[in-house]
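Below is one structure, written out as C-alpha cells; the observations come after it.
The values are calculated or read from the model by the stated rules, or taken from the named source; none is laboratory data. Remember, predicted model here, so these are calculated numbers, not experimental data. FYI the Cβ positions are ideal-geometry reconstructions off the backbone, even for glycines, and counts take in every protein chain you see.
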Amino acid sequence: MVRSIILLVALLSLATQSAVAQPSAKKINYQDHILPFFQDKCVACHNQDKKSSGVILNSYSKVIEGGSSGIIVKAGDPEGSSLFQMVAHKSEPFMPPKSPKVADTSIVMLEKWIKEGLLETADGKALALNKPTADIALGTVRRGKPDGPPPMPEKPLPLDPLVVTLKGNAVIGLAASPWAPLLAVGGQKQIVLYNTDTMEYLGVLPFPDGFPTVLKFSRNGGFLLAGGGRGGKNGSATLFNIKTGQKVLTVGQESDAVLAADISPDQTRIALGGPSKVVRVYSTVDGKLLHEIKKHTDWITSIEYSPDGVLFASGDRSGNLFVWESHNGKEYFTLKGHTNYINNLSWRADGNILASVSEDASLKLWEVENGTLVKSIPAHAGGAQGLVFHRDGTIVTSGRDKTSKSWKSDGTAILTMEPLTDLALRVAVSHDAVFAFVGDWNGNVVAYKLADGKKVDVLPSNPPTLKARVELSAKEIVLLREQLSKISAELTTAKTQDAKLQGDLATTQKSLTDATLAVKDLPAKIKQLTANQATALALQTKSTSELKAGEAMILASTDSLKKIKEQSDKNKLDAVLAKNVTAAQEKLDKLKLELPALQKALQEKTVAYTATVAGLKDAQMKLIAATPLVPALPKQIDAMQKAMPAAQALVTTLTTKVQDLEKQIGTKEASLQRYKKAQPLANAPKS
Amino acid sequence: MKISVLSGACAILLFASATSIQAIAPVSIAVFPPDVNVQSARGKQRIIVQAIYADGITRDVTAQAKVTISDPKIAKIVNLEVLPVGDGKCSIAVEFEGKTTQVPVDVKDAIKDRPISFKLDVMPIFLRNGCNQGGCHGAARGKDGFRLSLFGFDPDGDHYRLTRELNGRRINLAIPEESLVVEKSTGKVPHTGGQKFAVGEQYYNDLVRWVDAGGPQDPAGIATPVSVDLFPKNALLDGKGSTQQLIVRAKYSDGSERDVTSLALFLSSNDSSGKVSPNGLVTAGDRGEAFVMARFSTFTVGVPFIVLPKDLKFSFPATPEKNYIDTLVNAKLKNLRIAPSATCSDEVFLRRIFIDLTGMLPSVEEYKTFMANKSADKREQLVKELMERKEFSELWVLKWAELLQIRSSNQVSYKATLLYYNWLQDRIARNVPLNQWVQELLGANGGTFNNPVTNYYQNETDILKVTENVAQVFMGMRIQCAQCHNHPFDRWTMDDYYGFAAFFTQIGRKRTDDPRELVVFNSGSGEINHPLGGRRMAPKYLGGETPDVVGKDRRGLMAEWLASPKNPYFATNLSNMVWTHFFGLGIINEVDDVRVSNPPSNSELLQELGKKFTEYNYDFKRLVKDIVLSNSYQLSTQANASNESDTKNFSHSSIRRIKAETFLDCISQVTETKNKFPGLPLGARAVQIADGKVSNYFLTTFGRATRESVCSCEVKLDPTLSQSLHLLNGDATTQRITQGNLIGKLLKDKKTPEEILDEIYVRCLSRMPSADEKTKVLALVNAEKDKKQVLEDAFWAVLNTREYMFNH
C-alpha cells in the first residue's frame, strides 16, 4: 500500500514535470521556467522579506533591478551575469550555498534564458496584471442573510480527488459557509467539500500550489478563500467562486506557505501572512498589493476581518495580537495578553468582541471599543487550537486536550464534546448552528451535534477515488438497507406492544370503575338483603308454625273423631253422635284438605329465604372482592400509563430512525447516481 | 537483482583483484569488529581488515583481503557488509597475503523486520547531518522557526516539535515524501542549511518510513545505546594519501548490536594529518598525529592515528631509560619516529630542579657544591635534599590554595581563610596521603573555625557550582555543558550531571554567635530534579555506580569514592597535575579538561602514573621523585631535526615561563631584597601568601591566580607588554638592584669585576659566563670609571635576559 502511494507520488511528480516540460516548445521565460527554478532553490533567502544581498528573485522586475552590488543578470551575456556565474559555480560565492551544484539542465536553462534576452513570458510580453476573472468587490457591506438562495456549488464538482492518499494529514484548514450547508476541508493539494446537512461528499477544489493551511468563506458565503502553499518554498491565497467552483483570483508571492488569510466583508481586500512576519493586503479589484504591515515579530498565524470590515486583527507565533484599520493598514490596537502562538481569531457578529485562542491554553475575549481584555479562560490544557464565534453567539473551541468545547458569548462554558484520540485542531460550525466540525491530527473531520456534544459522523480529509467511492457507497447502501429492515422489524414489534399496552390499560380502567362502584353500592344492598332475609325467615317460621298448627289440628281432629266415632259406635244410633262423627269427619277432611296448601306455603317461604341467603352472600363476596381492587388498580394503571410514553417514544424513535434511514438511503442513492454519472479523472490515481 | 549462487558449501567473495601493495608480508591481520552480530532483516555489519607490519605500520586491506562466509545460508557479504540470510551462527574467514583470521558471525531474526524507531533511527539522522548542532536548529531558540534539542539531548521534546508543535507543517502523514522536514533536508525546497542528504539515501528512507508509519513515538522501554565502539583501535599510516576506513558499532540495552557507521558523526582533532570523511574514511595528510572521533547518541569515542612520511628511514638513538616513565615516553616516540634530545647538563638541571622543586634559584654555594660533586647519583642526592625543604611543600600549598580557592571575601572572613590555609599547609607539610586529605576536605562537617576544612563549602554555596568544581579540580572534568544539554564532545549526559549534583544537595549551613563563622553540616534533606521532566535524581558517582545513600552523609560517601581507586579519574588526574608542574604541559592538556575529545598524548604513560600513584598510597612525593629522576624530565631543551616540531610528546624539554610568585621570589633572592605582604613578616616569600585576595602590582602583572575560579587558566603565563616594561623600567629590577646593593657589597668585599660578573651569572643563570660574554662585558666594565654603576647595569641586563626569565 505504501508502495502504491509512493508510486502515486512518483506519477504525480512525473505529471508535474511533464507539465513543466511541456512549454519547452516555448522560449525559456521567467514565468514558466525560471521562477519555478528560483522557488525551488533560491527564494528562501532572496525574497522580498529576507532580501539577502538585496536580491529578490521571485519578482521579474526585481531580478532585472539587481541587488545591492548592482545588476545580477545582463541580457545576452551569461558571463557578465553574476547570478549565472554563481549558480554555475564559476565565481564565488557559489549558489545556492551549502548545497551541491544545481542540475546541469537548470544551468543550461538559465544560460539560455539570459542569452535569449531575459524573457518575462513566453510571448515576450510583460505579464498581465493579476486581474480577477470576475467582479468580486461588493458595493456595501451587508450584514445578515444575503438575498437569494444560499450559495452552493451549482455545477457538479470533480468527484475524483486529485490526490489520493491512504491517510490524511492534520487538518488545519477548515471552514463552514455562514449561510449554506457547505463545509470546506483542507486536504492534500485540494480542498474537500461536504454538505453539512447530509454529511455528503460534494467534491474537491484543486489547490495545486501546495497544501491549503487556512480556509475562510466570504461573509455572504459566495467565495471561499484558501491560503497555503509549500513550506519553505511558496505561498499564496486563492479565491474560489462557490457557485461555479472556479478560481477567480490568486494573490501573494510568499516564500513560505501562507498560514493566515481573510477576505474583507466588502470583498475588496485580501489580507494574508505567514512565516515572512509581514501582513500583506491585496486588492481584489486588480490584485495589487495595497499595504505591507511589518509590525509583527514572528510568523503571522491568524487574520480575521471584523464583520463590518472596518478593522482586521492579526496574531502571530509569539502571541502578539494587533487590530488594524482596514482602509489604511494603520495600527488601531495592540492587544497584550497572549504569551504564545495565536492559533485562531474570530469576531462576534456585532463586531464588539474579538475572541482569540492561543498555545498558552487560553481563550481570550477582547472588547474592541477600548481594546481591553474582557475575559481570559483557561480553555484547553496544553494549548487552545480551534475557534469559531458563531453568528448566534455560541463560541466553539478545540485544543491539545483532544476535546472541543462550546461556550456562551460571555465565555461561560456550555459543554465539552466527546474527546478525540489525538489533538483537536480546528473547528467550524454549520450555518444553522446544528453541527460543530472538528479537524483532528489524524486527518479527519469529526461532526458533532452542537446541542449534546455527541459524535455523529466522521468526514475524511483524504477522499477515496470515485471508483472506490462508488463501491463504498453501494456497500453502504446495502448496509443501510439491512439496518433499515432490522429497524423496521423492531418498529413493528414496538407498535404491537404499544397497542397491547393500550388495550390492557382500557380493561384495567373499566375494572377499577366497576370495583369503585361496587364498593360504593354494595353495603346498602347488603343491608337491604339482610333485612329481606329476616323478613323471609319470619315468613318461613310463620309458615312452619302454621303448618305445624294445621298438622296439630289434624291430629287433634283425628283424635276427637276417633273418640266421637267410638262414642258413636257405642251409640250407633245416636244420630247426634253420628252427626257429630260426620261433622268431625268433615272437619278432619277439611283440615286435611288445607294441609297441602300450608305445606306449599312453607316450601315457598323456604325457597324465598334460601334465595335471600344466597343473595346476601353473593353481595358480601362481591364487596370483599372489590374492596382491595380499589387501591390496587390505580397503581397498575399508573404503571401502564408510565410505560406508555416509553413505548410510544420507542415507536417514534424507531419511526424517525426508519425515516432517517430511508432519507439516508435516498441521499446515498442519489449520491451514488451522481457518482455513477460523474466523469472520473482520465488519469485517476488509484488508492 | 539476481545473485548467482556458487555451487558448493561456501561462497567465496573476492572484493577486488588483489594487487600486491607491500613487498614485505604483514606480521598479522586484524578484522573488525572482532565478532559480527546481526539482528533483524535490516541488520548489517560492515567489516574492515587491517594489516599490521613489522615496523608498526598499518594498512586498510579490506578491499584486497579474501573474505569467505562459512555458511551462505546464514549470512552473505555485499559491498563489504555482512547481511543476514538466515538465523544461526557461522564465521567469516579472512585471508591476506598468507595471514588468516576468523570472525564469528551470529544472525538473529534474519527475516523479521524491525519497526522504525524515532530514537534509534530518526534522532541519529539529525546528529549525523548536523541538524541539531548549536549553529543550526540546535540553538536555544532554534533556526528559522524550528528547534531541535542540542545534539539531541531531548528526544521526546524533538518528537513533539516535529509532529505536534506546528501541526500540519513539519511532517505530512498523507504524503510522507512531501513532509517539510524531508523536503528541506533533501534541498527540494530552499533550506538555509543547504541540502543535507539526497532522495534515496538511508537517511531519507528512514525519515520517510518513520513519517509513513504515522510519526510514532517509541514505546516505553525501547533499547538505548549503552556503549559505542570505534574500529580499528589505532592506526599508523604510511605516507600522505593512505586511507583507513572506520566503523562504529553501538551496543544497546537489550543486548543487540548495530553497525552505526552511517549514523555516527566523525571528527578529527587534526585535519592536516588525518582528515576524516563524513562516512568515516580517514585520509593521511602531513606527518603528525590525529585523534579521530565518532559521536553517536551521547557517546564520543576516538582512536589515535599517526601519520608518517612515506618510507621514512628512522632509527631510535640510544637513550637512557631511568624508570617506567622513560620507557613509556620513548615507546611513543619510537612510534612517531622521533628521536629525543640529549640529557641536559648539570648546570641546566640544577637551575631547573631548583625552580621546579623549591621555587628558588640555587645559591652560589649550592651551585659550587653541586658542580663539585663527582658522584654518579648527585642528581638523585640533590632531589632528595630539595624535597625535604619547606620551600617544596610551600610551592604545593600555593598550587592547592589556588585550586581550593583560598580567598577571603565579603562572605568569607580573613580568619577563616587563614585557618583554612593553615590546615592545607599542615596536610602538605606532613605529606598526608592525598586521598586522605581530599576525603577529609570533601566530607567535611563542622564550624569554619573549629574545623577549617569546611571552608571549602563556605567559599562556594551554589550546589551546581560545587558539583562542577569538585569534578574539575579532582577529576579534571569540565561538566558544565551537561547542566543544560548532554556534553557534545564527551560522555557526560544531563543524567550524569544531576546525578552527581545530588551528592551536594544536603549541605546544611548555619551561622554561629561569631558572625565570621559558619557551621557546615549534613542537613539530611534536599534533592535535585532533572530539568527535563522533573524527575528526582538519585546520587550517582560521576562515571560510576549509584550507591545506597539512605540515612548516610552523601558527601561522605562521595568523598570516599572520589579519592579512591574506585574512581578511575582521581589518580590519573592528580598525576597529570603533578606532571604538568614539571613539564609545563599536561599529558592531557589543559590538565582540567579531561574529555574523550581531548585525549592524553600518551595514554599508557598517564595510566601508569595513575597506577603508581595509587600503589604509592597517594604519596605524591614519591610520584614527584619518579618524575624528576626520569631522563625525560632531564632532557635538554635543545631540539634535534626529528623533534623540533614536537610539542606534546616530551621529546625535549620545553622552555617554560615562571609563575608570578616564584618569579618575584627569584628576583628578590638574586637581588637580596625583601618583600612585605599583608599579614606576613618582612622578607616573606610570595609563595607564602595565604589569601588569594592579597596581591601586588608585580604579582598581578605576572598573572597571579585570583582564585576566583578553579580553572587551571587562573594562573596566567602569557607574556604581556606591561611585564616587559615592568622588568625594563619598573621597580622590580632597577630599584631592587640599588636597594639590595649586591654589587656594592661585593665591591666592598674587594671582589674583582670578573668575580662579580661570575657571581651575577651563577646567581641568576646558574652558570658561569662564557668567554665571549666575559670578554665583552669586561671590556665595557674596564672602559667605565664607576665600576658599581656599570656592574649594576650588567646585573640589570642579565635580569632582563630571556635566559633568566624562563625555566629551561
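If I ask for residues that are in a helix (DSSP H, G or I), surrounded by 17 or more Cβ atoms within 10 Å (Cβ to Cβ) and not hydrophobic (A, V, I, L, M, F, W, C), which ones from the range B:694-737 would you list?
From the range B:694-737, those in a helix (DSSP H, G or I) are B:697-701, B:712-714, B:721-729, B:731-737; that's our starting set.
Filter again for surrounded by 17 or more Cβ atoms within 10 Å (Cβ to Cβ), leaving B:698-699, B:701, B:712, B:714, B:723, B:726-727, B:732-734, B:736-737.
Matches in the range B:694-737: B:T701, B:S712, B:E714, B:Q723, B:H726, B:T733, B:T734, B:R736.
With respect to the conditions (1) over 34 Å from the mean Cα position of the chain (by Cα); (2) under 24 Å from A:R426 (Cβ atoms), A:G274 falls short on a single one, namely (1). All conditions but one from (1) of a type outside the set (D, E); (2) touching a strand residue (DSSP E or B) at 6+ places or on another chain (Cβ under 7 Å); (3) more than 12 Å from chain B (Cβ to nearest Cβ) apply to A:K243; the one that does not is (2).
crowded, with 22+ Cβ neighbours inside 10 Å, touching an Asp or Glu at 6+ places or on another chain (Cβ under 9 Å) and either free of Cβ contacts under 8 Å to residues at least 24 places away in the same chain or not in a loop (DSSP other than H, G, I, E, B) (or both): does that describe A:S314? When the stated conditions are applied, A:S314 passes them. When you go through (1) exposed (fewer than 13 other Cβ atoms within 10 Å of the Cβ); (2) modelled with pLDDT of 90 or more one by one for A:G76, which number turns out not to apply? Among (1) exposed (fewer than 13 other Cβ atoms within 10 Å of the Cβ); (2) modelled with pLDDT of 90 or more, the lone unmet condition for A:G76 is (2). Selection of the range B:121-147 for residues being out of contact with any strand residue (DSSP E or B) (no Cβ under 8 Å at 6 or more places or on another chain) and farther than 24 Å from A:A44 by Cα yields B:D121, B:V122, B:M123.
The residues listed here are A:T421, A:T403, A:T394; of these, the one that is hydroxyl-bearing (S, T, Y) and within 14 Å of chain B (Cβ to nearest Cβ) is A:T421.
A search for C-beta distances below 8 Å between a residue of the range A:350-361 that is farther than 13 Å from A:S302 by Cα and assigned by TED's automatic domain parsing to the domain that holds A:S318 and any residue that is buried (at least 17 other Cβ atoms within 10 Å of the Cβ) and polar (S, T, N, Q), counting only pairs 6+ apart in sequence or on different chains, returns A:G351/A:S306; A:I353/A:S409.
Every residue, every condition in (1) within 14 Å of chain B (Cβ to nearest Cβ); (2) among the β-branched types (V, I, T), yes or no:
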position	(1), (2)
A:L335	no, no
A:D350	no, no
A:V388	no, yes
A:S409	no, no
A:R426	yes, no
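Within the range A:143-190, being within 20 Å of A:R469 (Cβ to Cβ), surrounded by 22 or more Cβ atoms within 10 Å (Cβ to Cβ) and more than 14 Å from chain B (Cβ to nearest Cβ) holds for A:L159, A:D160, A:L182, A:L183, A:A184.
Within the option set B:R555, B:R509, being in the same structural domain as B:Q458 (by TED's automatic domain parsing) and either in a helix (DSSP H, G or I) or at positive phi (or both) holds for one residue only, B:R555. Among the residues of the range A:366-414, the ones that are over 25 Å from the mean Cα position of the chain (by Cα), surrounded by fewer than 22 Cβ atoms within 10 Å (Cβ to Cβ) and in a strand (DSSP E or B) come to 8 in all. Just wondering, is there one or more residues in the range B:210-225 that are closer than 30 Å to A:M95 by Cα and within 12 Å of chain A (Cβ to nearest Cβ)? No, there is no match, as no residue in the range B:210-225 is closer than 30 Å to A:M95 by Cα and within 12 Å of chain A (Cβ to nearest Cβ). Residues that are buried (at least 22 other Cβ atoms within 10 Å of the Cβ) and within 14 Å of chain B (Cβ to nearest Cβ) were ranked within the range A:207-225; the one that is modelled with the lowest pLDDT is A:D209. Of the set (1) outside any loop (DSSP other than H, G, I, E, B); (2) under 16 Å from A:S376 (Cβ atoms), all apply to A:N340 but (1). Meeting the requirement of 2 or more residues that are surrounded by fewer than 20 Cβ atoms within 10 Å (Cβ to Cβ), the strands (runs of 3 or more DSSP E) wholly within the range B:183-266 are B:225-231, B:247-252. One residue stands out in the range B:291-332 among those that are part of a loop (DSSP other than H, G, I, E, B) and polar (S, T, N, Q): the one that is nearest to B:V248 (Cα to Cα), namely B:S297.
Would you point out the residue of the range A:255-300, among those that are part of a loop (DSSP other than H, G, I, E, B) and free of Cβ contacts under 8 Å to residues at least 24 places away in the same chain, that is farthest from the other protein chains (Cβ to nearest Cβ)? Spell out the reasoning first.
Step one: list which residues in the range A:255-300 are part of a loop (DSSP other than H, G, I, E, B), which gives A:255-259, A:264-268, A:274-278, A:284-288, A:294-299.
Next, only the ones that are free of Cβ contacts under 8 Å to residues at least 24 places away in the same chain stay: A:294, A:297-298.
On the way: A:K294: 17, A:T297: 12, A:D298: 8 Å.
The selected residue is A:K294.
When you scan the range B:374-382, do you find a residue that is surrounded by fewer than 16 Cβ atoms within 10 Å (Cβ to Cβ), of a type outside the set (V, I, T) and in contact with a helix residue (DSSP H, G or I) (Cβ under 8 Å, 6 or more places away or on another chain), even just one? Show your work before the answer.
Going residue by residue through the range B:374-382, those that are surrounded by fewer than 16 Cβ atoms within 10 Å (Cβ to Cβ) are B:374-377, B:380-381.
Cutting the leftovers down to of a type outside the set (V, I, T) gives us B:374-377, B:380-381.
Narrowing further to those that are in contact with a helix residue (DSSP H, G or I) (Cβ under 8 Å, 6 or more places away or on another chain): B:375, B:380.
Within the range B:374-382 (the criterion being surrounded by fewer than 16 Cβ atoms within 10 Å (Cβ to Cβ), of a type outside the set (V, I, T) and in contact with a helix residue (DSSP H, G or I) (Cβ under 8 Å, 6 or more places away or on another chain)), the answer is yes, since at least one residue qualifies.
Identify, please: which residue in the range B:165-204 is of a type in the set (V, I, T), within 7 Å of chain A (Cβ to nearest Cβ) and under 13 Å from A:S99 (Cα atoms) and is, among those, nearest to the chain's Cα centre (by Cα)? Within the range B:165-204, the match that is nearest to the chain's Cα centre (by Cα) is B:T192. Just so you know, in the range A:48-73 the residues that are within 13 Å of another protein chain (Cβ to nearest Cβ) and modelled with pLDDT under 90 include one that is farthest from A:L289 (Cα to Cα), and it is A:S52. Within the bounds of the range B:62-80, is there any residue that is hydrophobic (A, V, I, L, M, F, W, C), within 27 Å of B:F305 (Cβ to Cβ), touching an Asp or Glu at 6+ places or on another chain (Cβ under 9 Å) and in a loop (DSSP other than H, G, I, E, B)? Yes, the range B:62-80 has at least one match.
For the range B:126-182, what are the residues that are in a helix (DSSP H, G or I), in contact (Cβ under 8 Å) with a residue 24 or more places away in the chain and in contact with a Lys or Arg (Cβ under 6 Å, 6 or more places away or on another chain)? Matches in the range B:126-182: B:P155, B:L162, B:V181. Restricting the first member to the range B:416-432 and to residues that are modelled with pLDDT under 95, and the second to residues that are basic (K, R), the beta-carbon pairs closer than 7 Å and six or more apart or on different chains are B:A416/B:R516; B:T417/B:R407; B:N431/B:K621. Here A:V438, A:V446 are screened, and the one residue that is hydrophobic (A, V, I, L, M, F, W, C), buried (at least 17 other Cβ atoms within 10 Å of the Cβ) and within 14 Å of chain B (Cβ to nearest Cβ) is A:V438.
If I ask for residues that are of a type in the set (D, E) and free of Cβ contacts under 8 Å to residues at least 24 places away in the same chain, which ones from the range A:397-431 would you list? A:D401, A:D422 - these are the residues of the range A:397-431 that are of a type in the set (D, E) and free of Cβ contacts under 8 Å to residues at least 24 places away in the same chain.
Counting only helices (runs of 4 or more DSSP H) wholly contained in the range B:756-808, the ones carrying 3 or more residues that are free of Cβ contacts under 8 Å to residues at least 24 places away in the same chain and out of contact with any Leu (no Cβ under 9 Å at 6 or more places or on another chain) occupy B:771-783.
Note on the range B:403-442: residues that are of a type in the set (G, A, S) and under 19 Å from B:N617 (Cβ atoms) total 1.
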